[in-house]
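Here the structure is laid out as structure tokens; the discussion comes afterwards.
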Amino acid sequence: MWRAEVIGAWAVLLLGLFIVVFSIPLKYYTDLGPGAGFLPFWIGVGVIVGGVVEVIKVFRMKQRTEMGTFLQPRSKLGLQMLVLIVITFLIFPFVGFSVGLALCAAAAMRIIGKHKIMTCGITAVLSAIFIRVVFARWLDIPLPMGMIGW
């Protein structure tokens, strides 16, 4: 288990570094206020701080013996959710942001909560409509559209 915690702590630290590095080319500040790079930069810094704290905490642990297996019983669920998130980002260009996010929510309901397919489908349709109306119409935020135009 200790080995898994070490890997997880370093992964968090590297994720924070990744976020900071990729936020640097974005404008940090504009004439109107904070730019597109402001929030990702500070989120990355926060993730780095959390990763450093975890790395220190893991290496200061007194008990470094392997207790149990590397993958715990709910690890499969975590991996399924990770795959779902990756698939969601891959389908955005085809189905658009609102439909992609709605499908992700429905699939997550099915995987985590074991909800009925009908409930997941209704939630997906209502979520897509809600996302489209709130962000694209009310807030006038242009959302990425897929081939289906939603």
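The values are calculated or read from the model by the stated rules, or taken from the named source; none is laboratory data. What you see is a predicted model; the values in this text were computed from it and never measured. Methodologically, a virtual Cβ is constructed for each residue, glycine included, from the backbone with ideal geometry; neighbour enumeration extends over all protein chains shown. For the accessible areas, the whole protein counts, side chains as well, though only heavy atoms, and no ligand, DNA or RNA atoms are used. Shrake-Rupley method; radii C 1.70, N 1.55, O 1.52, S 1.80 Å.
Post the alpha-carbon centroid distance, segment 1-38 to segment 118-139, in whole angstrom.
30
Please give, to one decimal in nm, the separation of the simple spin-label points placed at ARG74 and HIS115, each 7 Å out from Cα toward the Cβ.
Computed distance between label sites ARG74 and HIS115 equals 1.9 nm.
What figure, in Å² to the nearest 10, do you get for the accessible area of THR123 with a 1.4 Å probe and non-protein molecules left out?
Accessible area, nearest 10 Å²: 40 Å².
State to the nearest 20 debye the size of the charge dipole of the chain about its Cα centre, where the only charges are +1 on K and R beta carbons and -1 on D and E beta carbons.
Details: 13 positive and 5 negative charges, 115 e Å.
Taking the Cα centre of the chain as origin, the dipole is about 560 debye.
In cubic angstrom, how much convex hull volume per residue do the alpha carbon atoms of the chain span?
Values: hull volume 20.9 nm³, N = 150.
Hull volume over Cα atoms, normalised by residue count, gives 139 Å³.
With no solvent and one equal point scatterer per Cα, compute the Debye intensity ratio I(q)/I(0) for segment 109-149 at 0.15, 0.20, 0.27, 0.29 Å⁻¹ and report its log10, rounded to two decimals.
-0.48, -0.70, -0.87, -0.91
What trypsin sites (Lys or Arg not before Pro) does segment 1-58 have in DSSP loop regions with at most 14 other beta carbons within 10 Å?
Numbers: sites: ARG3, LYS27, LYS57; in loops: LYS27.
In loop regions of segment 1-58 (DSSP not H, G, I, E or B), the sparsely surrounded trypsin sites (Lys or Arg not before Pro) are LYS27.
Quick check: at a probe of 1.4 Å, how many percent of the accessible area of the chain sits on carbon and sulfur atoms? Present the calculation step by step, with values, prior to reporting the outcome.
Details: 8130 of 10730 Å².
The value for the chain is 76 percent carbon and sulfur by accessible area.
Spin-label point model (7 Å from Cα, Cβ direction): what's the ILE24 to LEU39 distance in nm?
Computed distance between label sites ILE24 and LEU39 equals 2.3 nm.
Out of ILE129, VAL83, GLY113, whose Cα points farthest toward the positive end of the dipole of segment 11-150 (charges: +1 Lys, Arg; -1 Asp, Glu; placed on Cβ)?
GLY113
Please give the length that would be gained between PHE59 and TRP138 if that part of the chain were fully extended, namely 0.36 nm times their separation in residues minus their C-alpha to C-alpha distance (nm, one decimal). Present the calculation step by step, with values, prior to reporting the outcome.
Numbers: separation 79, 0.36 × 79 = 28.44 nm, distance 4.95 nm.
Difference between extended and current length: 23.5 nm.
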